[in-house]
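Engineer: Sharing a structure, written as structure tokens. Questions coming.
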Amino acid sequence: MSTFPYATALGERDPQQVIAETAGRLARVLDGVSPEQAEAQPAPGKWSLREIVAHLADSEIAWSWRLRQAFGEDHSMIQPFDQDAWARIYAVYSLAQARACFEALRAWNVAFVGGLSEADKQRPVTHPERGEETLWTIVQIMAGHDLHHLERLEK
């Protein structure tokens with residue numbers, strides 16, 4: 001098993017299929033949620049459902065940039081981001097805004113990933129904390145990250 005983040009969550013699943021199915025799974029969760037449920041924190045210091053969706057939208061922004069940077073630049077250096085710093089402003093986003101942002105960007109990224117050749121998938125990138133990876137590693141991390149958060153949301 002690979003050591004990329006969320007590898008355990010992804011397991012042997014096809015990452016391209018996982019990222020393609022995430023928006024539908026998320027919609028099934030969100031379509032029955034009341035405003036109170038969207039704002040409820042499961043425990044002190046844990047994100048509400050709305051905040052998780054905002055995090056998914058923010059993560060999709062990061063994935064979008066990383067995928068295109070890996071595709072368009074030779075051996076690019078991708079940057080980490082501080083999710084807690086980005087989360088400090090989540091109160092300004094409604095659940096509807098977070099959901100719309102995620103769904104639009106995810107559809108764009110699914111189309112992008114679907115157009116990659118096998119050679120494109122192997123394009124190298126460097127993460128300053130994890131070292132050398134490939135463009136496909138980014139897709140695997142996306143998928144594992146989705147599964148990690150979907151498990152919490154579906155409960």
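The values are calculated or read from the model by the stated rules, or taken from the named source; none is laboratory data. What you see is a predicted model; the values in this text were computed from it and never measured. Methodologically, a virtual Cβ is constructed for each residue, glycine included, from the backbone with ideal geometry; neighbour enumeration extends over all protein chains shown.
Engineer: Tell me, which residue of segment 1-21 that is in a loop (DSSP other than H, G, I, E, B) and more than 12 Å from the chain's Cα centre (by Cα) is surrounded by the most Cβ atoms within 10 Å (Cβ to Cβ)?
Structural biologist: This residue is PHE4.
Engineer: Listed residues ILE61, ILE52, ILE138; which is in a helix (DSSP H, G or I), surrounded by 11 or more Cβ atoms within 10 Å (Cβ to Cβ), in contact with a strand residue (DSSP E or B) (Cβ under 9 Å, 6 or more places away or on another chain) and of a type outside the set (S, T, N, Q)?
Structural biologist: ILE138
Engineer: List the number of the failed condition for GLY131; all other conditions in (1) exposed (fewer than 14 other Cβ atoms within 10 Å of the Cβ); (2) touching a Cys at 6+ places or on another chain (Cβ under 8 Å) hold.
Structural biologist: (2)
Engineer: With the requirement that a residue be at pLDDT below 95, of a type in the set (Asp, Glu) and over 30 Å from SER48 (Cα atoms), what does segment 110-150 give you?
Structural biologist: Of everything in segment 110-150, those that are at pLDDT below 95, of a type in the set (Asp, Glu) and over 30 Å from SER48 (Cα atoms) turn out to be GLU132, GLU133.
Engineer: For segment 107-122, what are the residues that are farther than 13 Å from THR22 by Cα, in contact (Cβ under 8 Å) with a residue 24 or more places away in the chain and either buried (at least 22 other Cβ atoms within 10 Å of the Cβ) or of a type in the set (A, V, I, L, M) (or both)?
Structural biologist: Those that are farther than 13 Å from THR22 by Cα, in contact (Cβ under 8 Å) with a residue 24 or more places away in the chain and either buried (at least 22 other Cβ atoms within 10 Å of the Cβ) or of a type in the set (A, V, I, L, M) (or both): VAL113, LEU116.
Engineer: Among the listed residues ASP82, ASP58, ASP31, which satisfies the condition of being of a type in the set (D, E, K, R) and over 18 Å from LEU150 (Cα atoms)?
Structural biologist: ASP82
Engineer: Please verify whether segment 107-124 includes one or more residues that are assigned to a strand (DSSP E or B) and either touching a strand residue (DSSP E or B) at 6+ places or on another chain (Cβ under 7 Å) or not aliphatic (A, V, I, L, M) (or both).
Structural biologist: yes
Engineer: Turning to a different aspect of this structure: Are any residues in segment 66-106 assigned to a helix (DSSP H, G or I) and exposed (fewer than 12 other Cβ atoms within 10 Å of the Cβ), and if so, which ones?
Structural biologist: Once the filter is applied, which keeps residues that are assigned to a helix (DSSP H, G or I) and exposed (fewer than 12 other Cβ atoms within 10 Å of the Cβ), segment 66-106 yields GLY72, ASP84, ALA85, ALA91, VAL92.
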